[in-house]
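Please read the structure below before turning to the comments.
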Amino acid sequence: MATKTEILRRLYKENGLEQEDVFTHDHYKIIKREGIDKIQAKQAIDVSYEVVKCESTFCVVKATGRLNDKTIETFGSALKGGYKEGNTNTWYVMEMAEKRAMSRAVLKLAGFYAVGHYGEDESESFDRRKNKSSGPTPTPTQSRNAEIVQAKADLDVAKENGDLEAATNIYEDAMDKDWVQVCDYHTALFGGEKVA
């Protein structure tokens, strides 16, 4: 079984990513827009979109991504508002929702989500100009949400590797923390498979 470092080396090489395509933000590696475009082109990932909801200050877009025989659906949203009220400062909520949906689809299909890499458009807090020393401190809710995203990514890796023990540990931890989203995701991935 390959280590996370080995998987990352392979993914970076396969997709032609350079150091300038990625930056570190708090606990995550963030892939810049240019890097995501490289990945989409290298992998020939096809992405189509469906507008779920669009208003003047809020938009949700569903992206369907296809890579060989794999198809995934994921969503991107944008809510215009300040730091506490929304998740984007731009009035271009449709375009932001589309970019977020595309980033998620491409990174999930290419395997980057499973190793803790996200797109810079996915959150205003992932802005590369805000680093650990100058960016705002995450709120408890933001920290919790980031942990939930990571737990889901860890479940993806456990599923990919057939590691029911790791999946069970993640599930039990999520139960202890009352993370219903993670428990539901576990059920969606592993269905009726018995946990150890």
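See the values below:
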| item | result |
| --- | --- |
| Flag for Asp69 being within 14 Å of Tyr118 (Cα to Cα), at pLDDT 90 or above and either out of contact with any Phe, Trp or Tyr (no Cβ under 6 Å at 6 or more places or on another chain) or among the polar types (S, T, N, Q) (or both) | no |
| Subset tally (residues that are touching a Lys or Arg at 6+ places or on another chain (Cβ under 9 Å) and crowded, with 17+ Cβ neighbours inside 10 Å) for segment 37-64 | 7 |
| Residue satisfying condition, being charged (D, E, K, R) and modelled with pLDDT under 95, within set Asp46, Asp26 | Asp26 |
| Check on Glu120, closer than 16 Å to Ile30 by Cβ, within 14 Å of the chain's Cα centre (by Cα) and of a type outside the set (Phe, Trp, Tyr) | yes |
| Failed item in (1) in contact with a helix residue (DSSP H, G or I) (Cβ under 7 Å, 6 or more places away or on another chain); (2) of a type in the set (Lys, Arg); (3) at pLDDT 85 or above; (4) closer than 23 Å to Ile36 by Cα, with Lys108 passing the rest | (1) |
| Within segment 1-27, tally of residues that are among the hydrophobic types (A, V, I, L, M, F, W, C) and exposed (fewer than 13 other Cβ atoms within 10 Å of the Cβ) | 2 |
| Subset tally (residues that are at negative phi and either charged (D, E, K, R) or free of Cβ contacts under 8 Å to residues at least 12 places away in the same chain (or both)) for segment 57-90 | 10 |
| All positions within segment 128-155 that are in a loop (DSSP other than H, G, I, E, B) and at pLDDT 55 or above | Thr137, Pro138, Thr139 |
| Selected residue [among the acidic types (Asp, Glu) and under 17 Å from the mean Cα position of the chain (by Cα)] from Glu55, Glu20, Glu34, Glu6 | Glu34 |
| Hits in segment 68-96 (condition: more than 17 Å from Asp121 (Cα to Cα) and out of contact with any strand residue (DSSP E or B) (no Cβ under 8 Å at 6 or more places or on another chain)) | Asn68, Asp69, Lys70, Lys84 |
| Tabulated pairs, segment 16-35, first without any contact (Cβ under 8 Å) to a residue 24 or more places away in the chain, second assigned to a loop (DSSP other than H, G, I, E, B), C-beta under 7 angstrom, 6+ apart or interchain | Asp21/Lys32; Gly35/Leu17 |
| In segment 34-57, the residues that are closer than 19 Å to Trp91 by Cβ and of a type in the set (Asp, Glu) | Glu55 |
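The values are calculated or read from the model by the stated rules, or taken from the named source; none is laboratory data. What you see is a predicted model, and the numbers here were worked out from it, not measured in a lab. Ideal geometry is used to build each Cβ from the backbone, glycine not excepted, and the neighbour counts take in all protein chains shown.
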